[in-house]
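The values are calculated or read from the model by the stated rules, or taken from the named source; none is laboratory data. Predicted model, so just to flag it, every value in this text is computed and none were measured. Counting neighbours? That spans all protein chains shown, and the Cβs are built from the backbone with ideal geometry, glycine included. We work out accessible area using only protein heavy atoms, side chains counted, and drop any ligands, DNA or RNA first. Shrake-Rupley method; radii C 1.70, N 1.55, O 1.52, S 1.80 Å.
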Amino acid sequence: MDNLQTEIRQLIIDALDLEDMTAEDIDPAAPLFGDGLGLDSIDALELGVALRKRYQVRLDGDDPSVKRHFHSVNTLVELVRQHSERTA
Amino acid sequence: MDALASGRPRLHRMTHEKPDGVTTRNTTLIESRGLTPPIAPGRMDSFSLPLAAWAAWPTHAPGCAAPTDSPPPPGAVDIAFVDPMLRRRLGPVARMALNVAHRCLGERTGVPMVFASRHGELARTLAMLHDLAAGEEVSPAAFSLSVHNAAAGVFSIARHDTAPATAIAAGDETLGMALVEARARLSEAHPQLLLVCADAPAPELYQDDITTTESAHALALLFDLHQSRRLHVARHASSGTPSNSMMSLPLADLLAGHRPDAAWSGTHARWEWTLDDA
């Protein structure tokens with residue numbers, strides 16, 4: 001699933017205007033928010049919209065597991081993979 | 001009957017008891033539901049403001065900018081004082097506004113701000129309207145920065161400065177009404193005020209409603225009651241021939257020393273400015 005990981009890193013760069021970064025700059029295991037990549041709450045909303053458009057992943061903001069899914073690139077890869085397996 | 005309840009705008013006679021440093025004669029502030037102050041033709045209102053500093057973008061001869069200027073590319077306007085993670089989403093109008101605001105204000109903090117723009121980030125708003133019309137979801141980031149006070153908010157965040165800010169738009173007289181707002185807000189308690197006016201041409205779709213030739217530009221003026229240099233402002237209600245430029249450009253020319261006085265005519269009024277060191 002290396003392709004999906006690269007795809008999601010590129011999705012983050014494109015959706016969040018991280019104009020000076022490349023996919024390789026994003027550590028797939030590092031936190032996306034706060035200390036790691038440093039994304040903010042607007043990025044979280046934007047990323048939710050991008051994931052819905054691209055992978056039809058629907059997220060409920062009240063669901064406590066959302067925070068876990070949004071932790072890093074790797075957890076997002078896992079989320080998208082689980083979703084595609086469920087809907088396959 | 002209450003003037004507002006009757007649907008008529010209210011006129012307030014501005015008090016002539018004013019703090020040192022601000023002079024007023026025959027000045028009327030208008031509180032109107034519409035954008036057009038209902039002043040009788042031929043009437044003149046004037047006041048003066050104590051000018052401490054100014055900055056413009058483009059930095060060279062702002063008034064001489066080519067009238068068909070398209071918005072500058074993101075890298076063309078230096079706003080390095082804004083954290084890259086905050087800076088990445090900003091549109092051209094906000095970038096120009098932040099550039100002139102930061103250069104004009106320098107290290108000063110706690111200075112209230114009036115942010116003025118006729119169109120704001122209209123291109124961003126239009127893109128969101130297209131998304132809505134197509135049944136697409138609206139970008140949260142685009143929405144957060146499309147509101148008229150977004151540039152003022154980002155300026156506050158970037159400089160860790162909690163000074164109050166207002167954001168206004170008033171059609172082709174936006175800069176003029178920002179000057180009225182500045183006059184109204186300067187007081188002994190708040191003796192300094194930063195006025196920032198920034199705009200880029202409205203998107204093509206709106207061109208039928210635009211009578212002036214628009215260009216990308218920004219202008220910042222710092223007023224300080226302890227300064228003796230005066231910017232005199234006069235507004236004549238009239239329906240003469242409108243100028244073919246945005247309102248900020250002749251004022252920027254005056255500030256740059258390119259002319260001894262400046263004037264601009266809009267759809268409803270003619271504005272005149274002079275500077276003195278009295």
Checklist outcome for this item: B:THR267 and A:GLU19 label points (each 7 Å along its Cα→Cβ direction) are spaced in nm at 3.3 nm
Checklist entry - Using a 1.4 angstrom probe on protein heavy atoms only, which residues from region B:75-117 are buried by at least 50 Å² of accessible area when all chains are present rather than their own chain alone? => result B:MET85, B:ARG88, B:ARG89
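Put B:TRP273, B:TRP54 in order of accessible area, largest first, 1.4 Å probe: what do you get?
Values: B:TRP273 0, B:TRP54 85 Å².
Solvent-accessible surface, decreasing: B:TRP54, B:TRP273.
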Checklist outcome for this item: Rounded to 0.05, the calculated FRET efficiency for the beta carbons of B:MET44 and B:ASP78 at R₀ = 56 Å is 0.90
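Return the value, in Å² to the nearest 100, of accessible area buried between chains B and A (probe 1.4 Å, both sides summed). List each step's numbers first, then the result.
Values: alone 13230 and 5610 Å², together 17730 Å².
Result for this pair: about 1100 Å² buried.
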Checklist entry - Could you give the dipole magnitude of chain A about its Cα centre, charging the beta-carbon of Lys and Arg +1 and that of Asp and Glu -1, in debye to the nearest 20? => result 560 debye
Checklist entry - Any idea how far apart A:GLN82 and A:ALA30 come out in nm if each label point goes 7 Å out from Cα toward Cβ? => result 2.5 nm
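In a shell of Cβ-Cβ distance under 11 Å around B:SER245, excluding B:SER245 itself, what net charge do Lys and Arg (+1) and Asp and Glu (-1) give? Walk me through the numbers on the way to the answer.
Working: positive: none; negative: B:ASP172, B:GLU214, B:ASP253.
Charge balance in the 11 Å sphere: -3.
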Checklist entry - Going by the alpha-carbon gyration tensor, a ≥ b ≥ c the square roots of its eigenvalues, is region B:50-276 rounded (a/c under 1.5) or, if a/c is not under 1.5, prolate (a/b greater than b/c) versus oblate? => result oblate
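If I compute solvent accessible area with a 1.4 Å probe over the protein chains, what percent of it on region B:50-276 is carbon and sulfur?
The computed percentage sits at 55.
With a ≥ b ≥ c taken as the square roots of the eigenvalues of the C-alpha gyration tensor of region B:125-223, please select rounded if a/c is under 1.5 and otherwise prolate if a/b is larger than b/c or oblate if it is not? Don't skip to the answer; put the middle values down first.
Details: a/c = 2.82, a/b = 1.48, b/c = 1.90.
Oblate is the answer for region B:125-223, as a/c is 1.5 or above yet b/c matches or exceeds a/b.
Enter the accessible area per residue of the protein assembly as shown (Å², integer; probe 1.4 Å; all protein chains in place).
Values: 17730 Å² over 366 residues.
Accessible surface, normalised per residue, equals 48 Å².
Could you tell me the relative contact order of chain A? Use alpha-carbon pairs under 8 Å, at least six residues apart, and round to a whole percent.
Values: 71 pairs, mean separation 27.6, N = 88.
Relative contact order comes out at 31 percent.
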Next on the checklist: Suppose we take every Cα in chain A and form the convex hull; what volume per residue is that in Å³?
Outcome noted: 91 Å³
Checklist outcome for this item: Amide H neighbours of A:LEU39 at under 5 Å, excluding residues fewer than 5 places away on the same chain, with H built from the backbone geometry, are A:PHE33, A:GLY34
